[in-house]
Each structure stands twice: as C-alpha cells, then as structure tokens.
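Down below is the structure, laid out as structure tokens.
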Amino acid sequence: MKMYLTIGKLFEQTVAKFGNKEALVDRPRGIRWTYQEWNDEVNKLANTLLASGVRKGDRVSTFLFNSYELGTVYFAAAKIGAIINPINFRLKADEVAYILHDAEPKIVLFEHALEPQISKIHDQFPSVSFWSIDESTP
C-alpha cells in the first residue's frame, strides 16, 4: 500500500522542521506566530471541529476574508480529513445559499462583517452550525 503525503501531514512536517521560525504575520492585529504557535491554534480548532461532530469526509464551509483564520481552518480541516469549502466573501446571500445547498457542510465559519448575508439565508439550513470567528457572535 502506497502512502501519500496529505496537506495536514505536510503542515505537521513543516512545524517539526521550522517550529521556532516565524510563519504568520498579521500587522494590523499585531499577530506574529511561529509555526509552533500557529500549529497550536490549528490543533485547537481541529479538536473543536471534532468535538462538534465533524468527521473525515465532512465539509466545513468558510465565508471569510483572506486572513490567517482562513489558513487556520484550512489546516485544521486537513488534519482531521474534513473537506474545506471556501466561499468567496464577495458573493451575495443567494449565491452563498446555492453553494451551501450543494456542499451540505456541517459547519459554516463566517466573518462578522459578512453576517448580513448569513442572516438572510441562515433559516434555510437548520442542520448546519454557523460559527462567527469574531468575539461578538450575532
């Protein structure tokens, strides 16, 4: 049986090799993480997804800006074998709903700034958990 390197394993190898090197910088927010620090955040999210019932092959949709949170979700999903479904933050509510109906995610992570689009479609998805990545949850 041939083993293939997954994105999750590749990230873990990078952390093992470059753990103390700077991996992520978000100047406006004052965040500077090493690979190890970022990995800690990725693991927290991966464990939270697992605790919420996300399993290998399940989909996790993101309605996020191009930020470190998107990368964190990407690697967390990869570590647990979930499928990431990034949705362009420029889409309108009905376009997002179309994608969600097709993808059937377990969880949708979204930006607070995009909450108006989510509010318009939320009721169409009673079996989907919607998580705001911001401190003030709508």
Among [x] 1.40; [y] 1.21; [z] 1.09, which one is Cα Rg over 2.2 N^0.38 Å computed from these coordinates?
-> [z]
Residue-level accessible surface for SER127, protein heavy atoms, 1.4 Å, Å² | 100
Any lysines with Cα under 18 Å of the LYS120 Cα? List them, leaving off those in the same chain fewer than 8 positions away.
-> LYS92
Just the number, please: carbon plus sulfur as a percent of the accessible area of the chain, 1.4 Å probe, no ligands or DNA/RNA counted.
-> 51
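Rolling a 1.4 Å sphere over the protein heavy atoms, what is the accessible area per residue of the chain, to the nearest Å²? Numbers along the way, then the final one.
Working: 8510 Å² over 138 residues.
On a per-residue basis, the chain sits at 62 Å².
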List the DSSP H helices in the chain whose Cα atoms stretch 27 Å or more along the helix axis and whose mean Kyte-Doolittle hydropathy is at least -0.5.
-> none
Can you find, among ILE87, GLN36, LEU109, the residue farthest towards the positive end of the dipole of the chain? Put +1 on the C-beta of Lys and Arg, -1 on that of Asp and Glu.
-> GLN36
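Given only helices, namely DSSP H runs of n ≥ 4 each adding -39500 (n - 2.57), what is the per-residue ellipticity at 222 nm of the chain, to the nearest 500 deg cm²/dmol? If you can, show how the numbers build up before the last one.
Working: 5 runs with 60 residues, N = 138.
After summing the helix terms and dividing by the residues of the chain, the value is -13500 deg cm²/dmol.
Charges at C-beta only: +1 for Lys and Arg, -1 for Asp and Glu. How large is the resulting dipole of the stretch 1-115 about its Cα centre, in Debye rounded to 20? Intermediate results must be reported in sequence, preceding the final value.
Working: 15 positive and 14 negative charges, 96 e Å.
For the stretch 1-115, the charge dipole is close to 460 debye.
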Expressed as a whole-number percentage, the relative contact order of the chain with C-alpha contacts under 8 angstrom and at least six residues apart is 21
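The values are calculated or read from the model by the stated rules, or taken from the named source; none is laboratory data. Please read these numbers as outputs of a predicted model, since none were measured by experiment. All Cβ positions, glycine included, derive from the backbone under ideal geometry; neighbour counts span all protein chains shown. Heavy atoms of the whole protein, side chains included, go into the accessibility calculation; ligands, DNA and RNA do not. Shrake-Rupley method; radii C 1.70, N 1.55, O 1.52, S 1.80 Å.
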